[in-house]
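First the structure, in the form of structure tokens, and then the observations on it.
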Amino acid sequence: MTAEELTAAGPTALVVDDEPQMTIIIEFALQTQGFTVLTAHDGATALNLLRTRAVDLVVLDVMMPTMDGLTLCGRIRARSDVPVMLLTALSQHDDVIAGLEHGADDYVTKPFHPREVALRAQALVRRHRRGSGTALRVGRLVIDPVAQSATLGPHRLDLPFTELKLLTHLASRRGVPQSWQELLREVWGTADLLGGRDVVKSTVYRLRSRLAGVPDGSAYIRTLRGVGYLMPDLPVEGPENAPSDEPDEPDEPPAG
């Protein structure tokens, strides 16, 4: 989707920052890319706007009083799959990791160029819209990207947002090994996160643990030592034809 198409579609962004000057800078940058911009200076106002307005993107500062950005990100993700971009200081690497684990889609470190924020915002909206479509089916796994749900046979998978996003990506690339760098870029929307390998490894470990609680669930994600992770290209099956649990490289729990 081009910038002109985004403008015609009228994407709306919500900018949440307790610093009015920063809010004005980001608002102007987004408007130049065709966004309609709503602003809030605290978490409570942001949540109220999300309840009453249709929003295509949230740009969220991590450091805010009363309700910090990480808490707000978690509350947004609990009710919506709207893309979330974090604004964070260069030194806040732990907050970046925590934010991504709470379901944020991208982050920008301060100081930043306003145009970078605008272009990243445009890319997030484009990627989110492109991801909305028909259900993905692999074996007995069914993922509905519109309803943001997944089932394995008769079992509904209760997955946090990031784990569902990871599962969806692996399903869309079934049969093709994915390195941790590819997963970091495609699922978390970044290529340069400090500690990114551990973020991916921890999330894969949690997802595989949840799948292992469902009959035949451990067959759907394999660890390929030295390569990455793979969802086998299993034929779509009914409950009578379950995939076999072939042995693969064992997953180790993340350190710490």
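The values are calculated or read from the model by the stated rules, or taken from the named source; none is laboratory data. Note that the structure is a prediction, hence the values are computed from the model and not measured. Counting neighbours? That spans all protein chains shown, and the Cβs are built from the backbone with ideal geometry, glycine included. Side chains are part of the model used for accessible areas, which takes the heavy atoms of the whole protein and leaves out ligands, DNA and RNA. Shrake-Rupley method; radii C 1.70, N 1.55, O 1.52, S 1.80 Å.
Roughly how many Å² is the accessible area per residue of the range 76-191, as a whole number, for a 1.4 Å probe?
44
Each Lys and Arg contributes +1 and each Asp and Glu -1, all at the Cβ; summed about the Cα centre of the range 59-156, the dipole is approximately 560 debye.
Against the 2.2 N^0.38 Å scaling, with N counting residues, where does the range 117-234 land? I'd like the Cα-based Rg ratio to two decimal places. Cα Rg divided by the expected 2.2 N^0.38 Å: 1.05.
Using the Cβ-Cβ distance between residue 52 and residue 119 with R0 = 22 Å, the FRET efficiency computed as 1/(1 + (r/R0)^6) comes to roughly 0.20. Computed on protein heavy atoms with a 1.4 Å probe, the accessible areas place 198, 216 in the order 198, 216, largest first. The distance between label points at residue 80 and residue 22 comes to 2.0 nm (points 7 Å beyond Cα on the Cα→Cβ vector). Annotation: amide H of residue 67 within the under-5 Å range of 43, sequence separation 5 or more or interchain, hydrogens built in the peptide plane.
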